[in-house]
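To start, the structure itself, in structure tokens.
Just so you know, all these numbers are worked out from the coordinates, no wet-lab data involved. Quantities reported herein were computed from a predicted structural model and do not represent experimental measurements. With ideal geometry, Cβ positions are generated from the backbone for all residues, glycine too; neighbour counts draw on all protein chains shown.
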Amino acid sequence: MGTVIATWEQPSLAVADSGDRFPVRRIFCVGRNYAEHAREMGFDPDREPPFFFMKPADALRSEAEGFPYPTQSENVHHEVELVVALGKGGKEVAKDRALDLIYGYAVGLDMTRRDLQGAMKKAGRPWEAGKAFDASAPCGELQPAARIGHPKSGRISLTVNGEARQTGDLSELIWSVPETIEHLSALFELKPGDLIFTGTPAGVGPVVPGDVMVATVEGVGEITVKVS
Ligand code: MN
């Protein structure tokens, strides 16, 4: 039996220092997971359980592919995030077992059409056009947890054209990676190949074509992504 249209390449991430690829199933993202960023977006970080949204797996782009500025927006923001890649699945996973699911970590960008997202929030509508657009998930190579361990603290930062924009520390996550997996797996059965973008620290802001973003997570790596 054949397929009735041509099949496409499975979205995947490179595994660092190897010729291997990590096939990507789904991309979950955590909203407002650093207190200072929640405040800069106008929310009280103390009263919110974690919430999630998604991007399609084919929104991933490598450093080399860069970030093409999207249509229909005049205010596209960078959000540097620690990305968790699941090598195993599970549902209703307790936080003390959650690290067992993790294959590795990467540095990613949750690129956001902030103007569209703002209009959708105001209208009580879904965020897809603001968050899940084409190429909205630049992401670096995966670092296996077997090699780097599970980072619980360390600087997370982003510069644009060499100028500091975002800075924070992984220890400031409102919902830690294990707690995030516990909450997410209560809502969805998690599967091997799922990614979780864990939220962004304060300092989000706009980019324009020609900008160069450098995103760093201490202990995980650094990516350089050009806006075209
Ligand atoms: Mn984000």
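Things worth noting here:
- Percent RCO, i.e. relative contact order, over region 169-228, from Cα pairs under 8 Å lying at least 6 residues apart: 24 percent
- In terms of its Cα atoms, region 151-228 spans 41, 26, 20 Å along the principal axes, sorted from long to short.
- Highest-fluctuation residue, GLY42, GLY87, GLY130 considered, GNM on the chain with Cα pairs under 10 Å: GLY42
- Most positive-pole-ward Cα, PRO70, ALA38, PHE28, against dipole of region 24-77 from beta carbon charges: PHE28
- For region 92-173, averaging the sequence separation of C-alpha pairs within contact (under 8 Å, six or more residues apart) and dividing by the residue count gives a relative contact order of 27 percent.
- By the helix-only formula, in which each DSSP H run with n ≥ 4 contributes -39500 (n - 2.57) and the sum is divided by residues, the chain has a 222 nm mean residue ellipticity of -4000 deg cm²/dmol.
- Percent of Cα-Cα distances greater than 20 Å, calculated over region 91-228: 53 percent
- Label-point separation, ASP44 to THR7 (7 Å along Cα→Cβ), nm: 5.2 nm
- Evaluated at q = 0.10, 0.12, 0.15, 0.16 Å⁻¹, the base-10 log of the normalised Debye intensity for region 1-157, with identical point scatterers placed on the Cα atoms, takes the values -0.42, -0.61, -0.94, -1.06.
- Note on ASP17 and GLU65: their simple-model spin labels are 2.6 nm apart, each label 7 Å out from Cα toward Cβ.
- Built amide H within the under 5 Å cut-off of GLY90, gap 5+: LEU190, LYS191
- Between ALA85, ALA137, ALA35, the Gaussian network model of the chain with springs among Cα atoms under 10 angstrom shows the greatest mean-square fluctuation at ALA35.
- Sum of side-chain charges, VAL214 neighbourhood, beta-carbon under 12 Å (Lys, Arg +1; Asp, Glu -1): -2
- Excluding the site residues themselves, the longest part of the chain lacking any chymotrypsin sites (Phe, Trp or Tyr not before Pro) in a DSSP loop with at most 13 other Cβ atoms within 10 Å is 52-228.
- Residue separation of GLU74 and SER153 scaled by 0.36 nm, minus their Cα-Cα distance, works out to 25.0 nm of gained length.
- When the chain is treated as a GNM with alpha-carbon contacts under 10 Å, the residue of VAL30, VAL107, VAL83 showing the greatest mean-square fluctuation is VAL30.
- The chain: relative contact order as a whole-number percent, Cα under 8 Å and 6+ apart: 31 percent
- Simple point charges give the picture: +1 on the Cβ of Lys and Arg, -1 on the Cβ of Asp and Glu, and for the chain a dipole about the Cα centre of about 460 debye.
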